[in-house]
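The values are calculated or read from the model by the stated rules, or taken from the named source; none is laboratory data. Not measured: the values here are computed from a predicted model. Every residue, glycine as well, gets a Cβ built from its backbone with ideal geometry; the counts of neighbours run over all protein chains shown. Just so you know, the surface numbers come from the protein's heavy atoms only, side chains and all, with ligands and any DNA or RNA stripped out. Shrake-Rupley method; radii C 1.70, N 1.55, O 1.52, S 1.80 Å.
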Amino acid sequence: MINDKAILVGVDGSHASYKATWWAANYAKHAGLTLQIVCAYSLPSYAAVSFDATYTAMGDDNAAHSDAQEILSKAKAIADEQGVEAATLIVTGDPASVFVELSRNYNLIVIGNRGKGGLAERLLGTTSSSLPAYAYCPIVVVPYTDDDGNLMHLNNTITKVAVGSDESKWGLKALEIAADFADAWGAELDVISAVPNMKGSEDEGVMASFEEDLDVRIKPLEEAHPNLTINKQIVPGPAVGALTKASYDHDVVVVGSRGRGGFTGLLLGSTSQGLLQHAVGPVYVVPRKYVEAAESRLDTVPSSPADVKPKSLEDIKGVEEIPVTKAEPDVVEAIETKIDPERH
């Protein structure tokens, strides 16, 4: 089954992944997309790190499969609460590799972060193997808590979107996608351009040059989205700090990724400084492969999978679509209270 009008969300039994499911279902409902939920596990490491909720004898594939079905049933019920029908998939094997292949087929992939060493750690853990560096469609990473362990509230509607802007093709594509995303929600768009700290009399002229460049980048957006409110910010210092700060008062932060060795290295290479490690709101990453695929088209309006040849699920080793029953309402209520007590 191939569906570039679908969102894929990864779950592993952690509350972080259930929070990602809630965000994905909310967005799917708003955007008129379908939702597919995937639970990934690998043997024999399953017992040690795969699922937060259960621990099973190493190498017991039947038990792992059963636990995956239970996890999917809970996630499916969360989607159902929002009126979104969801298909369910089980993935066996290396999750990072399989998710890269699956990314050919979807509009968006959503995963949770800070999930106690589960799926997110394996998909985001290193620059060389990170999903955002190699995916063929955009990735949204939804945080469960802030750095102090405080639960983060997710709004039903998106009213403020921030985007990191520079003159690279990745930055321009992120800007384009952020404008489309904000306009679809009727949200404001804050375009943030980080510039080096400067001293002395040259400041004024250099800043004026940066402002002029930013105006040039924004002009096509203003023409394409005449009803979109666009604010611009030029901030001194590293982009990661500015965008992390923006995550505190924006519903989504959008960034472009150059892939290994570029901006992704800045984002994913350091636990202490990377945006994905410290953001307190969802981060929407536009990957290198997505941008490069879109470049091959005369029409570069972002649409997944960006002219990448999709693969049938039957051709992706380790992927199986399975039907699951949804969890009981009291189970779902307990999960939803746990992931966001402020949500009504």
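This table checks each residue for (1) closer than 23 Å to Lys232 by Cβ; (2) among the hydroxyl-bearing types (Ser, Thr, Tyr).
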{"residue": "Ala133", "(1), (2)": "no, no"}
{"residue": "His153", "(1), (2)": "no, no"}
{"residue": "Thr157", "(1), (2)": "no, yes"}
{"residue": "Ala162", "(1), (2)": "yes, no"}
{"residue": "Asp166", "(1), (2)": "yes, no"}
{"residue": "Leu175", "(1), (2)": "yes, no"}
{"residue": "Asp180", "(1), (2)": "yes, no"}
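Inspect the stretch 190-198 for any residue being in contact (Cβ under 8 Å) with a residue 12 or more places away in the chain and touching a Phe, Trp or Tyr at 6+ places or on another chain (Cβ under 8 Å) and give the result as yes or no. Scanning the stretch 190-198 turns up at least one residue that is in contact (Cβ under 8 Å) with a residue 12 or more places away in the chain and touching a Phe, Trp or Tyr at 6+ places or on another chain (Cβ under 8 Å). Please specify each residue of the stretch 172-228 satisfying the condition of being in a loop (DSSP other than H, G, I, E, B), open to solvent by 50 Å² or more (accessible area, probe 1.4 Å) and modelled with pLDDT of 80 or more. Result: Gly186, Pro226, Asn227.
Within the stretch 23-39, the residues that satisfy the criterion of being open to solvent by less than 50 Å² (accessible area, probe 1.4 Å) and assigned to a helix (DSSP H, G or I) are Trp23, Ala24, Ala25, Asn26, Tyr27, Ala28, Ala31. Taking the criterion of being part of a loop (DSSP other than H, G, I, E, B), open to solvent by less than 50 Å² (accessible area, probe 1.4 Å), at pLDDT 85 or above and more than 20 Å from Pro138 (Cα to Cα), the residues of the stretch 59-107 that qualify are Gln82, Val84. If the Cβ limit is 7 Å and pairs must be 6+ apart or interchain, which residue in the stretch 138-155 that is more than 25 Å from Phe99 (Cα to Cα) pairs with which residue that is aliphatic (A, V, I, L, M)? Correct list of pairs: Asp146/Met152; Asp146/Val280; Met152/Val280. Evaluating Tyr248 against the criteria (1) assigned to a loop (DSSP other than H, G, I, E, B); (2) at pLDDT below 90; (3) farther than 20 Å from Ala133 by Cβ; (4) touching a Gly at 6+ places or on another chain (Cβ under 9 Å) leaves one unmet condition, (2). Take the conditions within 17 Å of the chain's Cα centre (by Cα) and of a type in the set (Asp, Glu) and apply them to Asp146. Does it pass? Against the criterion (within 17 Å of the chain's Cα centre (by Cα) and of a type in the set (Asp, Glu)), Asp146 qualifies. All conditions in (1) part of a loop (DSSP other than H, G, I, E, B); (2) at pLDDT 70 or above; (3) open to solvent by less than 30 Å² (accessible area, probe 1.4 Å) hold for Ile335, with the sole exception of (1).
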